[in-house]
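The values are calculated or read from the model by the stated rules, or taken from the named source; none is laboratory data. Only a predicted model underlies this, so the values are computations on that prediction, with no experimental measurement involved. Positions of Cβ are backbone-derived with ideal geometry, glycine not excepted, and every protein chain shown enters the neighbour counts.
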Amino acid sequence: MRKKVIVITILFAVWIALYNNLERLTDLLVYSLIQLDKEAPLTSAIHFFIYEVPKVLLLLTLIVFIVGIIRSYFSPERTRKMLGGKKHFAGNVMASTLGIVTPFCSCSAIPLFLGFVESGVPLGVTFSFLIAAPMINEVALVLLFGLFGWKTALLYMSTGLLIAIISGYIIGRLKLERFVEDWVYTIKAGTTEIAEEQLTVSDRINAGIEAVKEIVAKVWIYILIGIAVGAGVHGYVPENFMASLMGKSAWWSVPVSVLIGIPMYSNAAGIIPVVQVLLEKGASLGTVLAFMMSVIGLSLPEIIILKKVLKLPLIFAFVGIVGSGIIIVGYIFNILY
Amino acid sequence: MVSIKILGSGCAKCKTLNAKVQELVAKNNLPAMVIKVEDIMEIMKYGILSTPGLVINEKVKSVGNIPKDEQILTWINEG
């Protein structure tokens, strides 16, 4: 245990040293060692790539590690216990926030939905959780922070939360319980007897390490491609290529982006290359973030999975309300920026 | 005969856990029967909220993650 803490402290020191000197190291490598021409567009593309890849990977590793440790405190079982019997609004706020930190995979959406509803978590509160959990996650936030700055990341998180809270609240208020498949309320879910195992600090650190291995292994390739594409279009696609289609002046671009995004499915890392290119080439922030939220937050596979427990009117309400929320957020961003 | 059930309908981790348990049982010649449960109604009877679930002799042992080999072997031997 002591050894583990020492190793992690050393790694953290190395991390800080690397992160703070990344720009200098890149300059050294590109201009002094390989001696590339400072003025050539290709050099700036290479510099961009060599600087951004380790930067984003470093950020990702650190955040995923920390979130992995935090998550070991929030099992879905515990989250359900916290949400049971919660009233509207307060429950929606809590569910959306817990959605960020509770481990969630859309393949578990059904057992989770059933388990929540069965144990008395209100329908609207359950939806707040189901909306926030996939849309706002550490990978999306790290990538937005690393590539576009903390303001973009913070805006994405806060508006995502707002959409989850309000959409869940509306769904709860509309009293749509009758559109949940009838069998849902009749099945007898057993109660898990699995004792909440007492995790030691060492176990939690291990959970953080596992999370890093799992997530970095899954997304590094997207990051590499994304940054390579970003570096590539840097010099070769005209600056305002997307402006007429997805720029601020095209008022219809927000709803169209959201509509296109709904049937598409990708994780946060997969969509980032696209976001990078669109922003780089003159698409406006609101339109692009709305597109990203729609791709990650609303997806055809998830809708098909949810069809097993929800009747069509509720599915339409869910997609319609969340979709409208995303469109409004898109417009607000376009006005503010 | 120990009864082992892997609960989970299509997630990547569910497949990994299933393959792992099958392999552990075969490699160690354990007297166990491994079944993969994919029916959601059946899965819900165990009251789990995330998949995969590992059930040994009708007791839920782990939820949402893939336990270490030794841990699984201990559970089976206890079973």
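Observations, loosely collected:
- Scan of the range A:74-114 for residues that are small (Gly, Ala, Ser) and modelled with pLDDT under 85, ordered by number: A:SER75, A:GLY84, A:GLY85, A:SER106, A:SER108, A:ALA109
- Odd one out for B:VAL34 among (1) among the aliphatic types (A, V, I, L, M); (2) at pLDDT below 85; (3) farther than 29 Å from A:GLU181 by Cα: (2)
- Unique match (being surrounded by fewer than 21 Cβ atoms within 10 Å (Cβ to Cβ), of a type in the set (Ser, Thr, Tyr) and either over 24 Å from B:ASN65 (Cα atoms) or more than 14 Å from chain B (Cβ to nearest Cβ) (or both)) among A:THR97, A:THR159: A:THR97
- Restricting attention to the range A:107-136 and to residues that are crowded, with 24+ Cβ neighbours inside 10 Å and under 10 Å from the mean Cα position of the chain (by Cα), the residue that is farthest from B:SER9 (Cα to Cα) turns out to be A:ILE136.
- The listed residues are A:ILE304, A:ILE315, and the only one of them that is assigned to a helix (DSSP H, G or I), in contact with a helix residue (DSSP H, G or I) (Cβ under 9 Å, 6 or more places away or on another chain) and under 24 Å from A:ASN137 (Cβ atoms) turns out to be A:ILE315.
- Listed by first and then second residue, the pairs with beta-carbon distance under 7 Å, at least 6 apart or on different chains, first residue in the range B:1-28 and away from every other protein chain (no Cβ under 14 Å) and in contact (Cβ under 8 Å) with a residue 40 or more places away in the chain, second part of a helix (DSSP H, G or I) and charged (D, E, K, R), are B:LEU24/B:ASP69.
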